[in-house]
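A.B. asks: Below is the structure I would like to discuss, written out as structure tokens.
The values are calculated or read from the model by the stated rules, or taken from the named source; none is laboratory data. All values reported here derive from a predicted model rather than from experimental measurement. Methodologically, a virtual Cβ is constructed for each residue, glycine included, from the backbone with ideal geometry; neighbour enumeration extends over all protein chains shown.
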Amino acid sequence: MKTLVIHPHDPTTEFLKPVYEHVPDRAVITGGVTREELGALIDSHDRIMMMGHGSPAGLLAVGQFPGAGIFILDHILMPALEKKKNSIFIWCNADHFVEYYELDGFYSGMFVSEVHEAGMMGLTDIDQVLVDQSNA
């Protein structure tokens, strides 16, 4: 099974690498491809693993994908993603994205990967050490 991992380069999401580092026959995309190229890569792989920062609207590009704008993965790539039956979506609020588009696979809800996200959730006295421990 050929697996495509889409994990935009961002030091604050490096803790997610163990999720895919031992997956056989994988290609890891951290940036540098256009949305069109990414669509072709999605089509040519059996399983898609997507992770990083995101919102209910999709996976953020974090400035790593030329011409992508805010999101590298959103409604525009839906035709390619709808064909996949065992995808993995790991970003904040990926659950809303997956359920809205009725996609198949494993997905996460909100999780704290940065101190400011803890504050947005009303959590107090959270420092980076505690966030790092939680993510590990």
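A.B. asks: Could you tell me which numbered condition Met78 fails, if it satisfies all but one of (1) modelled with pLDDT under 95; (2) aliphatic (A, V, I, L, M); (3) assigned to a loop (DSSP other than H, G, I, E, B)?
C.D. replies: (3)
A.B. asks: On to the next question. So Val33 passes all but one of these: (1) assigned to a helix (DSSP H, G or I); (2) closer than 23 Å to Glu14 by Cβ; (3) in contact with a Phe, Trp or Tyr (Cβ under 9 Å, 6 or more places away or on another chain); (4) not acidic (Asp, Glu). Which condition number does it fail?
C.D. replies: The single condition Val33 does not satisfy is (1).
A.B. asks: Under 8 Å between Cβ atoms, which residue pairs at least 6 apart in sequence (or on different chains) link something in region 110-136 that is of a type in the set (Phe, Trp, Tyr) with a partner that is outside any helix (DSSP H, G or I)?
C.D. replies: Final answer for the pair search is Phe111/Cys92.
A.B. asks: Looking at region 20-35, is at least one residue surrounded by 12 or more Cβ atoms within 10 Å (Cβ to Cβ), within 27 Å of Glu114 (Cα to Cα), without any contact (Cβ under 8 Å) to a residue 24 or more places away in the chain and of a type outside the set (Val, Ile, Thr)?
C.D. replies: No: zero hits.
A.B. asks: Take the residues of region 109-121 that are more than 17 Å from Leu59 (Cβ to Cβ) and among the small types (Gly, Ala, Ser): which is surrounded by the most Cβ atoms within 10 Å (Cβ to Cβ)?
C.D. replies: Of region 109-121, the ones more than 17 Å from Leu59 (Cβ to Cβ) are 112, 115-116, 118-121.
Remaining after also requiring among the small types (Gly, Ala, Ser): 118-119.
Numbers: Ala118: 19, Gly119: 12.
Looking at the filtered set, the residue picked out is Ala118.
A.B. asks: For the list (1) aliphatic (A, V, I, L, M); (2) in a loop (DSSP other than H, G, I, E, B); (3) at pLDDT 95 or above, I need the number of the one condition that Met1 fails.
C.D. replies: With respect to (1) aliphatic (A, V, I, L, M); (2) in a loop (DSSP other than H, G, I, E, B); (3) at pLDDT 95 or above, Met1 is out only on (3).
A.B. asks: Sticking with this one: Quick check: is even one residue across region 65-73 assigned to a strand (DSSP E or B), over 18 Å from Tyr20 (Cα atoms) and aromatic (Phe, Trp, Tyr)? Let's see the steps before the verdict.
C.D. replies: Let us first name the residues in region 65-73 that are assigned to a strand (DSSP E or B), namely 71-73.
Going one step further and asking which of them are over 18 Å from Tyr20 (Cα atoms), we end up with 71-73.
If we keep only those that are aromatic (Phe, Trp, Tyr) too, we end up with 71.
Within region 65-73, one or more residues are assigned to a strand (DSSP E or B), over 18 Å from Tyr20 (Cα atoms) and aromatic (Phe, Trp, Tyr).
A.B. asks: Is it the case, given these coordinates, that Phe106 is surrounded by fewer than 16 Cβ atoms within 10 Å (Cβ to Cβ) and assigned to a loop (DSSP other than H, G, I, E, B)?
C.D. replies: Values: surrounded by fewer than 16 Cβ atoms within 10 Å (Cβ to Cβ): yes; assigned to a loop (DSSP other than H, G, I, E, B): no.
No.
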